[in-house]
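Just below is one structure, and these are the notes that go with it.
The values are calculated or read from the model by the stated rules, or taken from the named source; none is laboratory data. As the structure is a prediction and not an experimental result, all values here were calculated from the model. Note that we place each Cβ from the backbone using ideal geometry, even for glycine, and neighbour counts take in every protein chain shown. Note: areas computed on protein heavy atoms with side chains; ligands, DNA, RNA excluded. Shrake-Rupley method; radii C 1.70, N 1.55, O 1.52, S 1.80 Å.
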Amino acid sequence: GITHLAREALGKYLEKHPQELLPGHKIFIENYLVTRLNIKSVKTNDVITFKSEDISQVIEKSKALNEHQLQAWSKYVK
């Protein structure tokens, strides 16, 4: 689904631009990217693009989360 695509895009971005992110940060980023696209479902052969600039900006937003917010996002980590 779209969340897996966002997770993959974030992973590829972090390979090129390594950063220390907690699981709560990553879940926040994935959710933000999915919400921003406003796509409810994807089909085989659909092309979904996540811009590097968007990923960079949301990483910075995630770093502004306080401890309580991070804990709230972390509950969605498997």
Per-region count, the range 28-76, residues at pLDDT 95 or above and β-branched (Val, Ile, Thr): 4
Yes or no: Thr3 over 13 Å from the mean Cα position of the chain (by Cα) and hydroxyl-bearing (Ser, Thr, Tyr)? no
Take residues that are open to solvent by 100 Å² or more (accessible area, probe 1.4 Å) and in contact (Cβ under 8 Å) with a residue 24 or more places away in the chain and tell me which of the helices (runs of 4 or more DSSP H) falling wholly in the range 1-69 contain 1 or more. 52-63
